[in-house]
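The values are calculated or read from the model by the stated rules, or taken from the named source; none is laboratory data. Predicted model only: the values in this text are computed from it and were never measured. Note that we place each Cβ from the backbone using ideal geometry, even for glycine, and neighbour counts take in every protein chain shown.
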Amino acid sequence: EAIASQSQSRLESQIEAIASQSQSRLESQIEAIASQSQSRLESQIEAIASQLQSITEAVADTPIVSSSSGFDYTQLHRLLKSGQWKAADQETAKMMLAVAGKTQRGYLGENDIENFPCEDLRIIDGLWVKHSNGLFGFSVQKQIYINCGGKPDGSYPGDTIWYRFADEVGWRVGGSWLSSKDYTFSPGSAKRGHLPFTIRIDNWVYTDMYSSLAHRLVTCSI
């Protein structure tokens, strides 16, 4: 009996030891799994947060590129953002003709400018000003025009003031008007207000129409 009792005692001790070791290992494994799961979860949360931040920043940096009338300026935005100034100038002319419904005619008249939607004019100007860091844009040209003595009432300012403005923005050099192929499509060498140069007929600026544009910019609070 004594031997049997001792054997029983040792067996119970061994069983308790094995159970204790198994419990300890099981708890360690559970803790390790929980720690790994928590770490993966935290990493996933951080990744999602980073993606959301990137999306938020991208949205905040994207300007309004369409008007309520349905005209989409995404292409103009892309061209200006990538520094394709000549293509952007041509796209501006294309869009303004489309907005005014004068695509087939190929140029804008004074009445077209006077009735040009303010929202579309504001979007076009805003894109030019933003992506040129204030070097180009209709509003930039308007201020130069006024500084040269032009009146923003739609009336022709006279040859002297008009020539002064053209010289100031680099549309005239040495008393001679530039043809479209000679325009400077580089912010590094172009004069302030040099672009856009979309108001033209056969490479010549229609002076009365530009006066109308200056007036329209004022009435649109641009």
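Is it true that residue 212 is in contact (Cβ under 8 Å) with a residue 60 or more places away in the chain, crowded, with 17+ Cβ neighbours inside 10 Å, farther than 26 Å from residue 83 by Cβ and among the polar types (S, T, N, Q)? Against the criterion (in contact (Cβ under 8 Å) with a residue 60 or more places away in the chain, crowded, with 17+ Cβ neighbours inside 10 Å, farther than 26 Å from residue 83 by Cβ and among the polar types (S, T, N, Q)), residue 212 qualifies.
Evaluated against (1) without any contact (Cβ under 8 Å) to a residue 12 or more places away in the chain; (2) more than 18 Å from the chain's Cα centre (by Cα); (3) within 22 Å of residue 74 (Cβ to Cβ), residue 104 falls short on exactly one condition, (3). You will find that of 143, 84, the residue that is in contact with a Gly (Cβ under 9 Å, 6 or more places away or on another chain), closer than 23 Å to residue 193 by Cβ and either at pLDDT 95 or above or surrounded by fewer than 17 Cβ atoms within 10 Å (Cβ to Cβ) (or both) is 143 and no other. Within region 100-122, the set of residues being of a type in the set (A, V, I, L, M) and either under 12 Å from residue 198 (Cα atoms) or crowded, with 21+ Cβ neighbours inside 10 Å (or both) comprises 108, 113, 121. Screening the candidates 139, 179 for the property of being of a type in the set (S, T, N, Q) and under 22 Å from residue 98 (Cβ atoms) yields one hit, 139.
Among the residues making up region 177-192, those that are of a type in the set (D, E, K, R) and exposed (fewer than 13 other Cβ atoms within 10 Å of the Cβ) are 181, 182.
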